[in-house]
Every structure is written in C-alpha cells, then in structure tokens.
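Every number in this text was worked out from the coordinates using simple rules, so none of it is lab data. Because the structure is predicted, anything quoted here is derived from the model rather than measured. Cβ coordinates were reconstructed from backbone atoms using ideal geometry, including for glycine residues, and neighbour counts include every protein chain displayed.
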C-alpha cells in the first residue's frame, strides 16, 4: 500500500514514501531499524565512514546488517568531505564496496554550521554524473545553483531548510519556493526539519520529499516519532495534491450570519 | 482504535480524536458526512441557524439527519450572535430543541473579521455556566481573558490562530503559548488553520485540540482533506507527547566528521 | 522644529513627537532626564507608585523634579493595579495631587507576563471617562476591545506588540493592522518594542505613535538610544506618509537588463 | 559631521554613511540627485549600460553629470551580465572609460528573480581581484560562498535580503547572521529592503551597511524617502553599537509592582 497516493520518481525509480531517513545519532542499530520500519521510508542515507567499508573497529560498523537492501535503497552520503575531490573519492569507494551507485553529495567545509559549499558541490556533481552515479546534492537554498545542478544531470536537488540538526524548520521558504517553481527534478528538503509540522509544510509547498534524521533519531521513542513524521508527510502531500486555499486578508464566515434569529 | 494515544477530556467526557470539525461551507450534506467520517472527528459544531430548529425552508435544514448523534457529539454554536443576550437565547433554543446542553460560544459583532467580543463572551459564559451548559468559548488569543473564562467554569478555551477562514495559521503563537502554559482546561485552537501543517503545529505547541472547518469543507475532495488533517493532528500530538528538540543556533552533525578517511 | 512632519492629536492636544517614553528602570533620574531630552518625546508616563504622591522614602520619590511639566505632558499610569477599582483609585489620587487629568490605564493581574485584563480595563475606562479623565488604555491587540474602548470615549488605544520588556517587537502584527484600520482615535503601540527597527515598523504600518521604555532605560547610554529611537520613529512616519511599495513575488529590476552590451 | 558615529572602511577607504544608493528607476536625474543628497550616501552604484560609456542615445546617458565624483564614490555595477566573462568585460570597459576601478559584481542569469550565480560570481571575482579591481560581489545569502569570496580578496560581501525590488526585507536573516559572524570584510545587505525599518534591522543585526534603490527611487518624494532611510540606518547602527537587549520569554516590569497602594 502506498504511503502517498502518487509515486515519487527519482532517476526513473519509483518510490511510494516521500520521507527519506538519515541514520546518524540513533542510540542503537536496533532503534534505528525499528524507526526505519515505522517511518515507512524507502530511501536510507548512510555516512560512508559510519557504514565502515573496511568493517573494522567502529561500533556502528555493522550498520548495514540492519538495513535490508531489498526493502530500502541504501544511499551513501559523503558527509565529512571538505571538497570535491574527497567527495568523489568517497563515492567511488562506496561503489567499489558494492553499494548502489547512488550518492547523497554533501560537501561542508564549515564544521560549525555544516553548510554546503556551492562551488565544490557543482564540481563534484559534474564528475560523478560523468562517472554514471545518480547524484542527490545537498545545497544551500540557492535557486541558481539548483538550476545549474539539474542542468548537469543531478537526480534531485536537496536544499536545506535550516542548518543540520537545528530543528528550526523552513527558514529559507522564499528561496525554496523559487527552487520548486523552476525544478525539473524532484526537490527534497534536507536538514533542519525538527517537527512533523515542518515536514508537512515542506510537502504542502510542493517539495517532492523530505529527509529527516536528528528529530527522529534522538526522540525518546524513534519508532513512534518515525511514524509521526510518516503521517505528517502523507498529510502534507495530500494537501498539496488537493490544493490549499490561499491566505485571505479578512475572515470568511463558515456560517450564514444574516437573519439568524429571524425564523 | 484511538486516533491519538491519549484521550482528550472535556467536561469529564473522553474523546479519542483531537480534531473538531465545523459544518459550514460544504457543497452538500453528503460531502460533509463523508468528511466527518474520514476525519475521525468526534465533536461536530453546527450553527444554530443552519441546524434550523424549526425545520422549515433552509436547504440545510436537515443537516442533523447527516450527523449520527451516537457517533458524534453535536456541538451547537452561536455563530451570528452579536452580544451575550443573543448568544444565551440561541443556546437555550438549542437545548429546548433537544440538542446536547453543550455550546460553542461565538459572539462576533464585527462582520469583516468575525473577531470575538471579549466582554460579551465572558458575560454569556457566566450566564450559561450558571444554567448548566458546558461552554466552549471562541476567543481572541488573550491569556488574561482565557484565565477569567476558565475561572468562571468554561469547559475549554478556544483561542483563534488567525481570522476565521483566512488560512493564515497560527499568527498568535506567542499568546497561545501563554494560554497553554496557564490553562487548567483544554485549549482548542479555533479558526484560521488552513493547512494540515498548521494543525500539527498547534498540537506540537501543546494545544489539546484544534477545530477546522473551511480548509476541509471547500477542498475539492473534503473526505481526503479530512483524512489529511486527521493524520496531521495525530502526528502533532505524538510529537508533543514524545517531546521535540529545541531550536539550536548552530548545526548539530548527524555523522561523525573527523577522520572519515583515516581507515 | 517638529520631529515628524504632521502633528499627532490626542484629545485635542497637538504633539510633534510620536515617541512616548516610560520612566521605569533608568539607573538614575539624571540618566532619565537626558534620555527624555535626546528622544524628543513630549509625553512621559510615570508609575504612580514611583512618582510617590506622598513624597516619602522612595529613592525615586523626586522623579517629578526631573520632568519639566512645561516641556512634557506627564502621563500618570496605573501600573500595578489588579482591577478596575484600584486603577480608578490611583487615577484619582494622581489628579488630587495636581497631576494632569490624563491617565495611562494599565490593569494587569498577571505578574509573569503583565498582560492587561480586558474586562477590568473597559470597566475602569468607562468610569474614568465619566469622571472627565483623558484615558489611554493599554490593551491586548484585540480589535473588538479596541473598538469598544474608543466607543466609550478613550483618547487612544494602546495595543501591545509583545509582553512588556520582552524586546520581541510586533508579534501581534495582523491584529494591530485591523485595529489601525478600524480606529477613530490614535493607535499607540505599547510594550515589547526592543529595537529602533521595531518602532519604525509600527509607524510604517500606520500606528500613530509608540511607547518605549525598557530598551532605552537599560541601554548603556540611554541618551544615545533615545536619539536612535527618535530617528527610527521619524523615519517610519515619513515612510508611512510617503507610502511604501507592496511586497512582490518576483524581482523587479532596477537596471535595464536587455542589450546591455549592444552599444 | 558623520552620519554614523564610527566610520565604515572598505578597501582602506573611509566612509561616514552606511547607506549605499542605487540609481535605477528614478523618474528623472534631478530627482535622483536630490535623493542622493538627502540620503547622505557616499557610494552610488550605476549600471554600466545606463551610465552609457559611449554617451549616445540613452536618455539617461548623462546620468554621470548628476553625480559629483568628488562627493560620491561612483561604483559601476555589472547588472545584466549573464556570466563571468560578460561581467569582467563590463568592469574593464568602465575602468577604461575612467571610472573608479571599483565594481559591484552582479551576475544574474535568471531574469525573473534576478538571483546571483554563485559559480560565475566567484570566477569573475577571482579574475577581477587579480586585475586590481576592488570587488563588491552581490550574492545569495550563502555563508560558505561569502567566505570563499572574502578569501579570494573581495572588499565586501553583499548578500541579498530578498529578491531585488521585492520589498520583502530580510527573509534570509538566519543565513546573514552566520555571514556576519564569519566575515572579515564588511557585510552589505543588498536587495529587497523596501522600508526604513528593514534597513534599520540589517544594521541592528550587525551588517556594516545596506544598499537601497527601488524603495527610494519610486517613492513619490525620493528626497524625503532618502532622508527617512538615512535616519533609519543611523538609528540601526547606533542601536547595534550600544547593544540591544535579548528577547525574553516573559515580561519584565518597568514599574515596581508590589505594595503600590501601601503608602
């Protein structure tokens, strides 16, 4: 049964959930697995370092054991890359290790706000597209950059709502509206969504999907929070498809106001 | 099966849905009935005029035939009343006609913005409480007024998010937060909620419930929109119960950023 | 020389400044006097308790020595009154002591947010107007209450932007816009204005004046901050009089974009 | 006499006004000249096309006759350039024609929102800095891009508040705050400032200056509006220098609330 009534198409592949999940910050792999399940998500992003391609040492090394590749598309991300070269290298390592040739491209030289670098991101995207990767770039909410990325062949654009893990929601609303208006590929709002209402809002604006991590991972019950985001995303998509009323300056009565006692 | 995990208690009565519906503006009674069903609501408000206590003439006169009183609590409202006297008279008429002795108290002398009158509302509330009514007053988001109303014994307070039918959401957020903090009765955000995300936000803030009418009634498919609001309300309540992260000034990484290529 | 190009009329009296000042929280009476001077204000509100009608004990007892009644209209306020009766009593005491028969009516039973009581405020206003006072009531941004107050004869309405001393600016923008649209007396935005930009915004919206206290009183140099607010208020009023452009969805080029290199 | 108490330093040159003006959209050159005067500005940006280096045909061809180069720094801009190459060519033409070797770098391939291209802007900036230009780039509110630009030697960064001519103010507040925090060169908020309050807000946030064009140029009296912006900018700068109070969750009384009638 589809989560949302209309499928999401990314690079020709069909998804029925419009909620993507990140895998950082969960208290355990078991908690993560159960949140993935409850959220109904079909795309799961994993930091390459954490996925631990070598399989040595990291307590999370076996994270991939908890994500069934038949059920979820595993989306390696390049989190931690400081420039295009590092990001490209990471993506290649993931592919060499047998992960899908999809990559969530993240290049953020700035450790404090983790904001993405537009120049290096475009450069890496060009290279990875050339090498046959399906590229989903994380970007600032910059409409011109979004356009350039889709022009070089990325499969989505993923503008941030607010800084990663900040829970501040869609601070970049006006810019994201322009990105959506001009997009020829799916727009996935990534980063900063700290509440189900914020995820619903993104979908209502016309974003094709959202990626959530922190808000679910650090919830006291990630599974229940995952389900809450699932419902909010579905609600937001439905509202977008049906069309929402525009904002009015005055009230609009729901009841007839005249002669109400005249009977 | 409960819509939300914890029941809502109003005047000692237990409800499992935190979404109240209004019945104005639907294109037909059939559309209304199916939206009520899909929304999972248990409390339905009806304008007394429309309910047509005399049963004559009004095309909506038979609206009550479409609302099963075993399934829904029928909540008469005094929409159209210009002062306390009119509101009290309407409430009595409804009770005399056999409707439940509950009343959504609405007194809005102003036809343009339909904003409630604080003075007349308090006066009518005092009178109706004395007469044994369960009173749910629609008010401006005024914390002091909300306190006075609960002190005279109203069963809820229903502050507006923005003007009725305006779709502008929760413009009075700061005031509603204070109302919630100080409330000893359920707080129901009423009016202005035009999108599922806005309903979810109200619940996330700690409102006990929301009342929605226009956004559902005028949707091209009220039943689907009713279901979308249902999901959003459930998502918002879940998030509130679980607790949401606070807003951060900086980013908070979801992936380990150090030494990611050191393996 | 007028501060603003058009005079402000309150109860038939003409003022050239649209910035009213409060006198609480200054580090000294001297600092206060110099801030009043720099701000260009002509109306100064003083808490009756602080003004100390008895002249005994209070270190601020002599505050009135620092406010030249020839230069400033001294506006006693009823801050601290918990109900109409206390407020009326305070206003009478002030008049009996020879202060102007003007009163800034403040009734806030709630010590945490200092929000005004709509019921008691209307009651006291009716009484004081009957007794010949010029009444300037501090209220929640409630358009219906504002209308009722002007209907009983208050000289202004003074809706709050946000709680007293909170520095949060105009959180009640939508409601204040309605108050301004419906007002037949000057609208003075009172409380919560923590920055010159917020004062300017109030004037740009069409408010007739603003009252500022905390932001100036606790500034490291109240005199310079007073002058900053003076400039902001004048700027905002000018912009309102000239008319501001409406918000546009798209850009509007300032330079011709075509054929720029065709020469 | 300085407009603002502390000078603004750009590329070693000292300015006393923190308000930069654009010259598009004025109804006449005379109106423009008088607005420049009233605004107290010292930096004036001129579209190269409009300045008409050839002197032929354009009714605004003689705009330079109306801007005294002894009084104002003439800042040529590359408005209309679609890529780095065009922008560099325009800057060189201006310098060749004897204009100052300063350039406001604007590259906006998108005619609808006039949003700047981050990639081409960085490329052109690198080239122009190498050629000895003082470069002031107009950019999206992208903190990483801002950092890269200052690292290649631009004299300022000029993030947009909202799209050019949109009057929507500072929609990118959170991003601009990060830019300011990380800046080693002056931050000039450019575009979208439609009201004096919005200009004041930019300065209060810590922006070093603002550039305004449309709001002044299309005002019914550009000279008076120029003066209004001047006052607002000065007020905002003063408030920033003095330090503004932080936002509080609760009220903070300005008057002693206890025992007020105990005397």
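Relative to the longest principal axis of the Cα atoms of chain B, the long axis of helix B:118-130 lies at roughly 70 degrees.
Looking at chain B, the DSSP beta bridges with both ends there are about 10 percent antiparallel.
Using the 10 angstrom Cβ neighbour count as an exposure proxy, how do B:224, B:89, C:237 rank, fewest first?
B:89, B:224, C:237
With the simple spin-label model, which puts each label point 7 Å out from Cα in the Cβ direction, the residue D:83 to residue C:112 separation comes to 6.2 nm. In terms of packing, defined here as the mean over residues of other Cβ atoms within 10 angstrom, the peptides B:109-116, B:20-27 line up highest first as B:20-27, B:109-116.
Between residue A:130 and residue C:28, the FRET efficiency from the beta-carbon distance, with R0 = 56 Å, is close to 0.20.
Legend: calculated FRET efficiency, residue C:92 to residue C:14, from the Cβ-Cβ distance at R0 = 25 Å, rounded to 0.05, equals 0.40. With 10 Å bins beginning at zero, the pair-distance distribution over Cα atoms of chain D amounts to 7, 31, 36, 16, 4, 3, 2, 1, 0 %. Inter-chain Cβ neighbour count for B:117-128, averaged per residue, equals 3 (cutoff 10 Å, partner chain atoms only).
Between residue C:101 and residue C:184, residue separation times 0.36 nm minus the direct Cα-Cα distance comes to 27.7 nm.
To the nearest ten degrees, helix B:196-205 and the longest principal axis of the Cα atoms of chain B are 80 degrees apart.
Between A:46, A:129, A:103, the residue with the greatest mean-square fluctuation in the GNM of chain A (Cα pairs under 10 Å linked by springs) is A:129.
For region A:160-233, the C-alpha radius of gyration sits at 1.05 times the compact-globule guess of 2.2 N^0.38 Å, with N the residue count. The rotation axis taking chain D to chain A passes closest to this chain D residue's Cβ, listed with the gap in Å: D:118, 2.
Under a Gaussian network description of chain C, with springs only between Cα atoms under 10 Å, the residue in C:252, C:223, C:166 that fluctuates furthest is C:252.
From the alpha carbon centroid of region B:95-150 to that of region C:162-211 is 28 Å. Residue by residue along A:155-164, Cβ atoms of other protein chains within 10 Å of the local Cβ number 2 on average. Run through the other copies and list how far each one's label point is from that of residue D:206, in nm with one decimal, shortest first; the point sits 7 Å from Cα along Cα-Cβ. Values, ascending and in nm: 3.1, 3.6, 3.7. Placing a label point 7 Å from Cα along the Cα-to-Cβ axis, residue C:92 is separated from the same position in the other copies by 3.7, 8.7, 9.1 nm, shortest listed first. Helix D:173-182 axis versus longest C-alpha principal axis of chain D: approximately 80°, rounded to the nearest ten. Mean residue ellipticity at 222 nm, helices only, chain D: -11000 deg cm²/dmol; runs of at least 4 DSSP H residues each add -39,500 (n - 2.57), and the sum is divided by the number of residues. Looking at the protein assembly as shown, I'd like the Rg to Rh ratio, where Rg is from alpha-carbon atoms and Rh is Kirkwood's inverse mean 1/r. Computed over Cα atoms, the ratio is 0.99. Note on chain C: GNM, Cα springs under 10 Å; of C:209, C:31, C:232, the largest mean-square fluctuation is that of C:31. Packing around the peptides B:134-146, B:170-182, taken as the average count of other Cβ atoms within 10 Å per residue, puts them in this order, highest first: B:134-146, B:170-182.
Approximating the spin labels as points 7 Å out from Cα along Cα→Cβ, the residue A:151-to-residue B:247 distance works out to 3.5 nm.
Mean per-residue shielding of peptide D:170-183 is 3, counting Cβ atoms of other chains within 10 Å of each Cβ. Inter-copy label distances at residue B:69, using a point 7 Å along Cα-to-Cβ, come to 6.4, 6.8, 8.9 nm with the shortest given first. Between residue C:71 and residue C:37, the distance separating the two model label sites (each 7 Å from Cα on the Cα→Cβ line) works out to 0.6 nm.
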